[in-house]
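Quick notes on the structure that follows.
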Amino acid sequence: MPHRPRRIRTATLAAAVSGAVLLGAAHGASAAERNPTCRAPKNPALAKQLTRDLRAALAGRSGTVSFALYDDRTKAGCTLAAGDRYDAASIVKVLIMEATLHRAEQGHRPLTARERSNIRPMIRSSDNTAASRLWNDVGRTRLTATLRRAGATRTGLGAYGYWGLTRTTAADQLRLLGVLTNPRSFLKSRAYSLKLMSEVRKDQRWGVSAGVPRGLRVHLKNGWLPRATHGWRVHSIGAFTGSGRTYRLAVLSHDNPSMAYGVRTVERVAQAVHRALNKGRAVARGFTPAEEISEIPDGSVPPSAPELPDPYGPSALPPVAAP
């Protein structure tokens with residue numbers, strides 16, 4: 001039976017404060033609740049523009065989408081269903097990278113040759129064999145500890161070695177990005193991590209990069225995976241640095257009828273964000289042309305993998321302060 005996409009389902013969360021998204025319970029939303037929550041304490045006009053433009057970006061789109069945004073300079077933050085959970089697909093590789101680097105730091109040592117030779121292709125070209133090696137090397141205990149330190153309280157690791165079936169939220173992905181951008185975070189290898197994410201190969205640079213202005217550097221990781229339930233998962237997370245500013249954006253989606261459709265939804269959100277935060281600046285990258293989107297899955301979950309229940313409730317990990 002063909003998958004039928006649902007109309008966009010949304011829910012709102014409280015606010016973005018001090019770089020952290022305040023999590024509440026996520027609920028399926030009615031049509032009246034299809035608005036993002038945006039706040040900018042020092043610039044109410046910016047919050048209104050973000051709300052208006054993000055609502056317009058999603059108008060008429062099918063599927064289910066969540067996002068979380070935080071801008072360090074303006075203290076502006078937006079959320080839309082940011083506590084809803086999705087199969088992570090390849091964006092979980094950022095967590096694997098952070099856990100690998102933190103293990104080396106705790107051991108007061110540089111990366112081993114094995115770690116370095118796997119972490120680079122895992123991020124730059126989304127290599128799944130490299131991800132599996134590092135996932136197994138680091139182990140669930142350290143991966144879970146990294147989530148705790150980041151304050152990613154609603155992310156649960158994939159069972160039975162299916163790391164692509166890790167369940168996560170847009171809010172948690174924003175927190176994991178914060179580990180890389182906040183100079184007070186527990187991770188010292190932030191510059192190295194961001195460098196790798198700025199070197200993602202060209203055909204994987206779609207998503208939150210759409211609409212970014214000239215002068216900002218893009219550090220991103222994407223995930224794109226179809227399954228029997230919820231159609232295509234199409235996710236894009238990224239940090240944007242340069243010109244005296246840093247901001248982070250995580251957009252997760254599923255119920256997409258195709259990869260190209262999901263990419264366009266994600267990029268509509270991204271363009272609205274970049275336009276509002278960078279008024280009057282020339283755009284470096286527009287929408288990704290449809291012919292450049294392959295419709296080939298990221299391979300983060302083998303086709304034979306079973307549909308697994310989500311065993312992790314909202315209290316799977318104790319809440320801790322954001323990095």
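Just to verify a result, which residue in the range 143-159, among those that are buried (at least 17 other Cβ atoms within 10 Å of the Cβ) and charged (D, E, K, R), is nearest to the chain's Cα centre (by Cα)?
Arg154
Taking the range 214-253, which residues are of a type in the set (A, V, I, L, M) and part of a strand (DSSP E or B)?
Within the range 214-253, Val218, Leu220, Leu225, Val234, Ile237, Ala239, Leu249, Ala250, Val251, Leu252 qualify.
Scan the range 254-289 residue by residue and report those that are part of a loop (DSSP other than H, G, I, E, B) and buried (at least 21 other Cβ atoms within 10 Å of the Cβ). Reasoning before the result, please.
Of the range 254-289, the ones part of a loop (DSSP other than H, G, I, E, B) are 255, 257-258, 278-282, 284-289.
Passing the criteria: only Asp255.
For the range 58-89, enumerate the residues that are of a type in the set (Lys, Arg) and either over 25 Å from Ser258 (Cβ atoms) or free of Cβ contacts under 8 Å to residues at least 40 places away in the same chain (or both).
Residues satisfying the conditions are Arg73, Lys75.
Okay, residues lined up against (1) modelled with pLDDT of 95 or more; (2) over 12 Å from the mean Cα position of the chain (by Cα); (3) surrounded by 19 or more Cβ atoms within 10 Å (Cβ to Cβ); (4) farther than 30 Å from Ala159 by Cα:
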{"residue": "Arg34", "(1), (2), (3), (4)": "no, yes, no, yes"}
{"residue": "Pro41", "(1), (2), (3), (4)": "yes, yes, no, yes"}
{"residue": "Ala47", "(1), (2), (3), (4)": "yes, yes, yes, yes"}
{"residue": "Leu54", "(1), (2), (3), (4)": "yes, yes, yes, yes"}
{"residue": "Ala57", "(1), (2), (3), (4)": "yes, yes, yes, yes"}
{"residue": "Ser66", "(1), (2), (3), (4)": "yes, no, yes, no"}
{"residue": "Lys75", "(1), (2), (3), (4)": "yes, yes, no, yes"}
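For the range 118-153, enumerate the residues that are within 22 Å of Pro302 (Cβ to Cβ) and part of a loop (DSSP other than H, G, I, E, B).
Once the filter is applied, which keeps residues that are within 22 Å of Pro302 (Cβ to Cβ) and part of a loop (DSSP other than H, G, I, E, B), the range 118-153 yields Ser125, Ser126, Asp127.
Filter the range 64-98 down to the residues that are touching a strand residue (DSSP E or B) at 6+ places or on another chain (Cβ under 6 Å) and among the hydroxyl-bearing types (Ser, Thr, Tyr), then identify the one that is farthest from Leu177 (Cα to Cα).
Filtering first and then ranking leaves Thr64.
Could you tell me whether the range 154-168 includes any residue that is in a helix (DSSP H, G or I) and in contact with a helix residue (DSSP H, G or I) (Cβ under 6 Å, 6 or more places away or on another chain)?
yes
Does the range 210-249 hold any residues that are of a type in the set (Gly, Ala, Ser) and either closer than 19 Å to Arg175 by Cα or surrounded by fewer than 23 Cβ atoms within 10 Å (Cβ to Cβ) (or both), and which are they?
Gly211, Gly215, Gly223, Ala228, Ser236, Gly238, Ala239, Gly242, Ser243, Gly244
Quick check on Thr166: is it surrounded by fewer than 19 Cβ atoms within 10 Å (Cβ to Cβ) and among the β-branched types (Val, Ile, Thr)? Please lay out each step first, then the result.
Details: surrounded by fewer than 19 Cβ atoms within 10 Å (Cβ to Cβ): no; among the β-branched types (Val, Ile, Thr): yes.
Considered against the rule, which asks whether it is surrounded by fewer than 19 Cβ atoms within 10 Å (Cβ to Cβ) and among the β-branched types (Val, Ile, Thr), Thr166 comes out as no.
Is it true that some residue in the range 91-109 is outside any helix (DSSP H, G or I) and either within 25 Å of Ala45 (Cβ to Cβ) or not small (Gly, Ala, Ser) (or both)?
Within the range 91-109, one or more residues are outside any helix (DSSP H, G or I) and either within 25 Å of Ala45 (Cβ to Cβ) or not small (Gly, Ala, Ser) (or both).
Here are the criteria: (1) touching a strand residue (DSSP E or B) at 6+ places or on another chain (Cβ under 9 Å); (2) surrounded by fewer than 21 Cβ atoms within 10 Å (Cβ to Cβ); (3) aromatic (Phe, Trp, Tyr). Tell me which single one Phe186 does not satisfy.
The number of the failed condition is (1).
The values are calculated or read from the model by the stated rules, or taken from the named source; none is laboratory data. Since the structure is predicted, the reported quantities are computational estimates derived from the model, not experimental observations. Reconstructed Cβ throughout: ideal geometry from the backbone, glycine too, with neighbour counts over all protein chains shown.
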